[in-house]
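Any read-out appearing in this document is the output of simple, stated calculations on the displayed coordinates, not a laboratory observation. Here the structure is a predicted model, which means the values were calculated and not measured. Virtual Cβ from ideal backbone geometry, glycine too; neighbours counted across all protein chains shown.
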Amino acid sequence: MNDQSRISNRKAKQAPSGMEAAALLPKPFLDWFRERGWAPRAHQIELLATVQGGNSALLIAPTGAGKTLAGFLPTLTDLAVRGKRKPGEAFRGIHTLYISPLKALAVDIERNLGKPVEEIGLPVTIETRTGDTPQHKRTRQKQAPPDVLLTTPEQLALLIASQDAPRFFKDLRFVVLDELHSLVISKRGHLLSLGLARLRALVPGLRMIGLSATVAEPDELRRWLVGQNPPGRMAELMTVAGGAKPDISILDSAERVPWAGHQARYAIPEIYQAIKAHRTTLLFVNTRSQAELLFSALWQVNEDSLPIALHHGSLDATQRRKVEKAMAGNALRAVVATSTLDLGIDWGDVDLVIHVGAPKGASRLAQRIGRSNHRMDEPSKAILIPSNRFEVLECRAALDANYLGAQDTPPLVDGALDVLSQHVLGTACAASFSADELFEEVRGAAPYARLDRPTFDRVVDFVATGGYALRSYERYARIRLTKEGRWRVSNPHVAQQYRLNVGTIIEQPMLNIRYVRAGRGTAARGGPTLGKIEEYFLESMVVGDTFLFAGKTLRFEGIRENEAYVSNAASFDPKVPIYAGGKFPLTTYLADQVRGMLADPAKWKLLPDQVADWLRIQADKSMLPGRRDLLVETFPRGQRYYMVCYPFEGRLAHQTLGMLLTRRLERAGARPLGYVATDYSLAVWAFGDFSHLLKTRKLSLAKLFDEDMLGDDLEAWLAESWLLKRTFRNCAIIGGLIEKRYPGQEKTGRQVTVSADLIYDVLRTHEPDHILLQATRADAATTLLDVRRLSEMLSRIKGRIVHKALDRISPLAVPIMLEIGKESVAGEANESLLGEAVDSLIEEAMGTA
Amino acid sequence: MTAAIAAIRSAAAGDAITIAGERALCDRRGVVFFPDLGLLAVSDLHLEKGSAMARRGQLVPPYDSAATLLMLQAVIADHRPKTVVSLGDSFHDGGGAGRMPDVFRDQLAGMMSGRDWFWIAGNHDPEAPAGLPGETVRELAVGSLLFRHEPSARPVEGEIAGHLHPCARIVQRGRSVRRRCFASDGLRMILPAFGAYTGSLNVLDRAYRGMFRWEAFVAYMIGKERVYPIAASMLRPG
């Protein structure tokens, strides 16, 4: 275990003057540093001084800069002075709250912080509280709180919704927010910001300490940390410059890099050699399916039987703990992992990071590379393995970005209203509230700084009676206005329901994967569980289908209640490829870099020869667009006509664009048949000859790609879309309209899905402006459709569309043309599938099949 | 299989199928109409399910009764039946009829006027609905047909029932489609639930075991524009 590097200060480069440190640090701390031959780092002392001066602070530092110790120094020095609680002394609430995005990180910190605390001899108790903490320990923590509580955003929401919250938090001095850059994004960040606003109201003078990796917009995080009512205040900023430049290379394979696909099979022998040449290698991929495939492929060439393990979020927890332990004990030579290992946790003595597939976001890349070395002054070593030709371009761009230090995180969006609803109910569960006061408090949370009063009142109304125009639920209200004008829960059952449904992470309905003996189907008795897989994936399988999971080829035996039964497959080649797992879009910054590289032949030197040749042939046969341009190619192939464009805005944005273009082409009489989207490009095909339609001006690209498509067309499509139903389900659960589960009874995903869909249909027909539908549309526009990306793109390319009418497919179009048939927009074509099923039956019966 | 194929071909062409010799039209809105009897059967309306949920703290939109009745009104206007049989669980709970706003009660009474209307008692609503006309019965025999709420466990020729909320699922080109359905083997039929908030149970579930002649079974899956007749061999559990 490498915990020294996390907490330590071995090579303090910019040690502050001894005077300053001596003034701020109690003697035992100074002794502790001295005994180890260390000195406190400048940023640690600066942060201590800032916080002691009564301010909140944001520390931005690379991995290995002693960030954790910096974050806790204010706490430890304060507690060193305060001393132990005497017997008979009154109740003491917690002193410091530490919040991290991951349970594992809280556990890691408990271990790493325990060491200096013990060595300095501080009277400090540190405990974790997560979803895994047993009930008796939680109860005890309420009665006798530790000094430092390490927890997650969901647990904070639960703590502030309890009636003893004021007592529990009365002595709170600091909140340490670790990995702040990943805490603030998504609805989880919204809920946390509201929780912190509550804490600020409970404990005036509370100081926040944010710890973050490098981000593009530090000011956003600085505002997020402090109350924004009135708006504009920011936490003090401390930045530690990056350490040694990482040593990153792109695999220059002797093999042929494929046109399309995500498997990188061509590179397996070279990856295996790299593993052999290093002590411990971490292999990162973007999806769980890629992890399974890579793991399986490596074992097929693992002639030396090197200990190579697999780690991803779907695997059984005991299995994951086992791998983590072996990793920490340096017992493994390689681990294939997805983002579950993404954040700043120490995992043994890794000396090489291999990233397979495109790294998508440059900051994600930096985070992953950082993994290989927690000593900030030694360079980290990493190899990027692009799995297709476009990924070569993307890897190259990511590499340049990393050297430039240009990093990006998703922009912060306005707080979601379903999350606010949950918080309002939680607030009422703790104590009655006045709407005026709560409104002012909520506006202090940065994501809700722009919330207006009518919307807030609608949220309160929604929490109370569902917020329907037909006011028939007054008698079932969950919260009621008292004579004193305060809102309070109408009965204890409401609080109980709230506690069971708290949080913003709505998981896809998942089924346990359980081993049984082959051929016995669901009648067999279950063996051990291997992990969990999304229900939708398992639903498309038929008994006897084989697939890869947990590093094994498994045979599907059937579903029984919430478990899927599997057995070992006889064959080695899985029939069903694998479930999709998570996918990340290309960030705006990286997309721009890739376009820049395409446009500039001088940069092609940096690319492998075969990729540079590919671009040269493209320039010869068609053309390469300028950095700000959009290239549209049209050509015939088979009985159809194709239109391919290259926006590089990510698959979500392209899918949305594809859907909207298809609607417009339909109206223009081009008779479109379908479309397919990748991260890089979009292809639409039709019966109508695009080149001819454009030449005869029956079709205009400028009109086709006009921004106005984001108006009525988008609205009309969205209303019908299955995507919106799924989003509605999430909003309905987070907003408390339907329950995640009943007390003592876990609802299966199916039951929730069905009722949420039906509710959606009814609500949309009868009250299309309901606040939950408003929240759903906002949610879909940002997270599902990437409308913002699309809208920026459309405005960028205005007047900059270049069209090339070709006789045949261009080299650049080959990768996406290979995707046709593999990809489908799930859930859109149900009706036609039903019709097909009927026809095939009749044909079979007539002997015409 | 020939019985199933004949039924599939009729239904695919939009023609009537037969149940125990009686011609029947499966309406894609979820009701079955027997043209020779002038009888329309609908099942599991679950009216006032929304307010029943609201009482337990789940404030789902209070528009389910409106949606259900609007749809019912439309099918009655189209088929102009002499007789309507509501196959039980017409209200989500015993107090449902009492809770239902007057405007809906009047709407329902309007549909009922000028025709015979039978409420079959269901497990959710064993008593006659408060304040509404119509005759409440446990079972009803018309011609060769027998209407009741819960289907019998053994094959019974001519039985038309509800209660189980049947749905079916197929997998086509690696994608799964799940829809409410009419379940029939030509001898008997189980109707899909009609109510706006009603969930459903796959016809392959063990609850249906032994009820149908499997070789003649067809699930009439409900699509947006029409009903899709699907043979047993194509159905998937879940």
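Numerical summary
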| read-out | value |
| --- | --- |
| Hits among aspartates and glutamates - C-alpha to C-alpha of residue A:103 under 16 Å, sequence gap 8 or more where chains match | A:127, A:132, A:154, A:178, A:179, A:316, A:324, A:342, A:346 |
| Separation in nanometres of the label points that stand 7 Å from Cα toward Cβ, at residue A:619 and residue B:113 | 8.3 nm |
| Residue exposure sequence - B:76, A:771 - by fewest surrounding Cβ within 10 Å | B:76, A:771 |
| Calculated from backbone phi, Karplus (6.51, -1.76, 1.60) coupling profile of region A:329-337 in Hz, x at Gly/Pro | x, 6, 8, 10, 9, 7, 10, 8, 9 |
| For region B:162-202, alpha-carbon Rg and Dmax in angstrom | 11.4, 33 |
| Residue A:247 long-range amide H proximity, modeled H, under 5 Å | A:380, A:381, A:382 |
| Within straight-line cross-link reach of residue B:49, aspartates and glutamates at Cα separation under 14 Å, skipping those fewer than 8 residues along the same chain | B:64, B:89, B:93, B:125 |
| Three-way shape label, region B:1-85, alpha-carbon gyration tensor, a/c 1.5 | prolate |
| Residues listed by number, region A:130-167, amide nitrogen under 13 Å from residue A:90 label point at 7 Å toward C-beta | A:167 |
| Per principal axis, descending, Cα span of chain B in whole Å | 50, 40, 32 |
| Rounded FRET efficiency, nearest 0.05, which uses the C-beta distance separating residue A:435 from residue A:111 and R0 of 35 Å | 0.20 |
| Difference of contour (0.36 nm per residue) and Cα-Cα distance, residue A:82 to residue A:639 | 192.4 nm |
| Proxy reagent accessibility, fewest Cβ within 10 Å first, across A:616, A:198 | A:616, A:198 |
| Contact order relative to length of region A:593-650, as percent, for alpha carbon pairs under 8 angstrom and 6 or more apart | 30 percent |
| For region B:87-166, alpha-carbon Rg and Dmax in angstrom | 13.5, 41 |
| Across A:605/A:804; A:142/A:532; A:532/A:552; A:187/A:483; A:137/A:532, pairs whose alpha-carbon gap is larger than 24 Å | A:605/A:804; A:142/A:532; A:187/A:483; A:137/A:532 |
| Whole-Å semi-axes of the ellipsoid equivalent to region A:36-82 (Cα gyration tensor, √5λ, descending) | 17, 14, 9 |
| Region A:81-181 shape via C-alpha gyration tensor axes, a/c threshold 1.5 | oblate |
| Percent antiparallel among DSSP beta bridges (both partners in region B:2-234, rounded to 5) | 60 percent |
| Between region A:185-232 and region A:95-135, the alpha-carbon center distance in angstrom | 21 Å |
| Histogram of C-alpha separations across region A:681-731, 10 Å bin width, % | 19, 34, 32, 13, 3 |
| Mean ellipticity per residue at 222 nm, deg cm²/dmol - from DSSP H runs of n ≥ 4 across chain B, formula -39500 (n - 2.57) | -6000 deg cm²/dmol |
| Phi to ³J(HN,Hα) by Karplus 6.51 cos²θ - 1.76 cosθ + 1.60 over region A:310-318, Hz, x for Gly, Pro | 10, 8, 8, x, 8, 6, 4, 4, 4 |
| Pair residue A:774, residue A:839: separation of 7 Å Cα→Cβ label points (nm) | 4.5 nm |
| Peptide A:469-477 - average C-beta neighbours from other chains (10 Å radius) | 4 |
| Local electrostatic count, residue A:604, Cβ distance below 15 Å [Lys/Arg +1, Asp/Glu -1] | 0 |
| Ratio Rg/Rh, restricted to the protein assembly as shown and using Cα atoms, in which Rh is the Kirkwood radius | 0.99 |
| Footprinting exposure proxy for B:136, A:465 (fewest neighbouring C-beta atoms within 10 Å first) | B:136, A:465 |
| Residue A:20 paired with residue A:450, simple spin-label distance in nm, labels 7 Å along Cα-to-beta-carbon | 3.8 nm |
| Kirkwood-Stokes translational diffusion coefficient of region A:3-239, alpha-carbon pairs, 37 °C, 0.692 mPa s, µm²/s | 182 µm²/s |
| HN-Hα J in Hz across region B:198-203 - Karplus 6.51, -1.76, 1.60, θ = phi - 60°, x for Gly and Pro | 8, x, 8, 10, 4, 5 |
| Pairwise centroid distance, computed over Cα atoms, of region A:147-167 with region A:420-471, Å | 20 Å |
